[in-house]
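Worksheet: one structure, shown below.
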Amino acid sequence: MKLLVTGGAGFIGSNFVRYVYKERPDWHITVLDKLTYAGDRKNLEDLDDSRFTFIHGDICDEQTIDKAVADCDAVVHFAAESHVDNSIRGPRLFLDTNIIGTYEVLEAVRKYGKRLHHISTDEVYGDLGLGSTEKFSEKSRYDPRSPYSATKAGSDHLVRSWIHTYGLEATISNCSNNYGPYQHVEKVIPRNITNIILGIKPKLYGEGKNVRDWIHAEDHSSAILAILEDGKLGETYMIGANGELDNKTLIQTILELMGKSPDDFEFVNDRPGHDLRYAIDASKIKNELGWQPKYADFKQGLTQTIEWYKQNEDWWKPQKAETEAKYKELGR
Ligand SMILES: NC(=O)c1ccc[n+]([C@@H]2O[C@H](COP(=O)([O-])OP(=O)(O)OC[C@H]3O[C@@H](n4cnc5c(N)ncnc54)[C@H](O)[C@@H]3O)[C@@H](O)[C@H]2O)c1
């Protein structure tokens, strides 16, 4: 198998590449990545050249993606602009990468008749609201509410239409919020772990009631591999690990695990249009593909993640000051 991974130098992409590299020793992996602020070549530096190739390039560039797809057997498409706050500050880049970039991936995959797995998010389904026990499933209605989720929804619709119209051999997965090593310090868990390491108080948006359904990036990776190998073509799979937690409890748990008082945080301005609750029903992938998450205990995964950020200050420190300066402008 010659696997092409777009966006493989980012957070989940690099976790997935390392996971496949370990689990499928006879596969060759090529990563195509633009190396935006969110991608880092160092995330993949331990991989051996005999089984791994890196291409520095943009998925929006037709010739680059065409050549990369021609040379592979299957594509897993992670490349995206991924941060909601950035999409509120400047949506245009999200349209370019998430919509046009996905279009270019689809056209190349169609031209060469390759297998595609498209990575998406639960945020395309909107907001479940607090107080309900409903969860998102493969049948949930699309209702994106931020520029980020609208462009991801757009990319899902493109993939679905290419499957229907052109018979593309593709699958889609919509996963909940990921955590784990190599996540950029702009995201809530690494932002606040690294704040505590630096003696800065963790920040809590609004009242902290918003609920997210956390999954470890390694569990997301094992689910993607299961779909790539055994998923039914044309289908969508929800991925989640029953990790529902409100943001206040999340910040307090991080503080507790790092030996601090659970009240040692500060409230900051809320994100405009902040969705209240996401939750995933992952029965389909569990029942059809026998997938199960390994990190069923969130505190265990979080403890390991905290340890990674403590041990890898050189990795995140160069990005920290600039990221916090952006947040300061937003009052967050
Ligand atoms: N982070 C989450 O919790 C989460 C949850 C569900 C789904 N997802 C999806 O998973 C995927 C990866 O998310 P992430 O958190 O790892 O994102 P990330 O921002 O950490 O990484 C994105 C990667 O894509 C690359 N990239 C961006 N634009 C590109 C372009 N035009 N051409 C080539 N490469 C480009 C970046 O350099 C980076 O390496 C995204 O599609 C995202 O929507 C993320």
- Scan segment 62-85 residue by residue and report those that are touching a Lys or Arg at 6+ places or on another chain (Cβ under 9 Å) and either aromatic (Phe, Trp, Tyr) or near the ligand (Cβ under 9 Å from one of its atoms) (or both). ALA79, ALA80, SER82, HIS83
- Going through segment 281-307 in order, the residues found to be among the hydrophobic types (A, V, I, L, M, F, W, C), closer than 19 Å to PRO181 by Cβ and in contact with a Gly (Cβ under 8 Å, 6 or more places away or on another chain) are PHE298
- Test result for ILE99, within 13 Å of the ligand (Cβ to nearest atom), touching a helix residue (DSSP H, G or I) at 6+ places or on another chain (Cβ under 9 Å), in a helix (DSSP H, G or I) and more than 19 Å from LEU228 (Cβ to Cβ): yes
- Message: So the check is Cβ under 6 Å with 6+ separation or different chains; which pairs have a first residue in segment 105-130 that's within 15 Å of the ligand (Cβ to nearest atom) and a second one that's of a type in the set (Ser, Thr, Tyr) and part of a helix (DSSP H, G or I)?
- Response: GLU123/SER149; VAL124/SER149
- Task: Within segment 88-139, work out how many residues are on the phi > 0 side of the Ramachandran plot, open to solvent by less than 30 Å² (accessible area, probe 1.4 Å) and more than 19 Å from the chain's Cα centre (by Cα).
- Result: 1
- Does GLY39 count as open to solvent by less than 30 Å² (accessible area, probe 1.4 Å), within 11 Å of the ligand (Cβ to nearest atom) and assigned to a helix (DSSP H, G or I)? no
- Task: Tell me which residues, restricted to segment 197-224, are aliphatic (A, V, I, L, M) and open to solvent by 10 Å² or more (accessible area, probe 1.4 Å).
- Result: ILE197, LEU198, ILE200, VAL211
- Task: Give me a count of the residues in segment 251-274 that are part of a loop (DSSP other than H, G, I, E, B), under 26 Å from GLY131 (Cβ atoms) and out of contact with any helix residue (DSSP H, G or I) (no Cβ under 7 Å at 6 or more places or on another chain).
- Result: 5
- Query: Can you name the residue in segment 174-192 that is within 11 Å of the chain's Cα centre (by Cα) and open to solvent by less than 10 Å² (accessible area, probe 1.4 Å) and is also nearest to TRP315 (Cα to Cα) among such residues?
  - Reply: GLY180
- Query: Is there a residue being free of Cβ contacts under 8 Å to residues at least 40 places away in the same chain and more than 14 Å from the ligand (Cβ to nearest atom) anywhere in segment 11-23?
  - Reply: yes
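The values are calculated or read from the model by the stated rules, or taken from the named source; none is laboratory data. The shown structure was predicted, so the numbers you read here are calculated from the model rather than taken from an experiment. Note that we place each Cβ from the backbone using ideal geometry, even for glycine, and neighbour counts take in every protein chain shown. Only protein heavy atoms, including side chains, enter the accessible area calculation; ligands, DNA and RNA are left aside. Shrake-Rupley method; radii C 1.70, N 1.55, O 1.52, S 1.80 Å.
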